[in-house]
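Novice: Take this structure first; my questions come after.
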Amino acid sequence: MICTAGILRRICSARSFRNTISILALVVFVLAFGESVQAYDGPTFTKGLWLFQRSTEFVTRHWLFPNARRIKVERAVVRCVNPTEAMIETFRQASIGSCASTLPEKQKAAFFFAKRCDYLGPVKTLISVESETAYVETNETSGSSPKKEIVRARRIGDCGIVAEIPDAAAYETAEVRNPWSD
């Protein structure tokens, strides 16, 4: 019995030591990385039914028209979302590979990122806030094939009212086409 009690005492003291180390590691982790979390200081929008219109402007390299611009306008998309959640991710300082995002500069009702790491690569981003129900986001890439992506978003109603969803085609802008492409 004495031998068994001694073994149990050693096992219990080893477990408490491991628990203490785990708690200490958790506290160090929270203190080390807890300060790097920044408060969100970007725009806030109202949750609801939003209309998104995306257009992309390409600079085409052609021997006849060396700096011709093509604009592709995609179909409008209507979704029930809270754009503030997407903006929180946009404003998060992420580093992707060797790309490190810069802090946004606030200029009246606009936010400008000189360099933001995105799935497109490093981009210059301008978010122009018209109100809590409308904004325009412009992303520009540079390099061998520069392009500019513009997303116009505005709230058009409340979620869950399917019968009152307006036809998205009524909000679409006319597509500008280059007659020499296609």
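What follows is calculated from the coordinates using simple rules that are stated; it is not laboratory data. What you see is a predicted model, and the numbers here were worked out from it, not measured in a lab. Because the Cβ atoms are built from the backbone with ideal geometry, glycine has one as well, and the counts that use them run over all protein chains shown.
Novice: How do the strands (runs of 3 or more DSSP E) wholly within segment 42-116 filter down when requiring 3 or more residues that are crowded, with 16+ Cβ neighbours inside 10 Å and without any contact (Cβ under 8 Å) to a residue 40 or more places away in the chain: which remain?
Specialist: Ranges flagged: none.
Novice: Residues in segment 82-112 that are farther than 14 Å from TYR135 by Cα and in contact with a strand residue (DSSP E or B) (Cβ under 6 Å, 6 or more places away or on another chain): how many?
Specialist: Going through segment 82-112 one residue at a time, the tally reaches 7.
Novice: State whether the residues of segment 131-149 include one that is within 22 Å of ASP41 (Cβ to Cβ), surrounded by fewer than 13 Cβ atoms within 10 Å (Cβ to Cβ) and in contact with a strand residue (DSSP E or B) (Cβ under 9 Å, 6 or more places away or on another chain).
Specialist: Looking for residues that are within 22 Å of ASP41 (Cβ to Cβ), surrounded by fewer than 13 Cβ atoms within 10 Å (Cβ to Cβ) and in contact with a strand residue (DSSP E or B) (Cβ under 9 Å, 6 or more places away or on another chain), one finds at least one in segment 131-149, hence yes.
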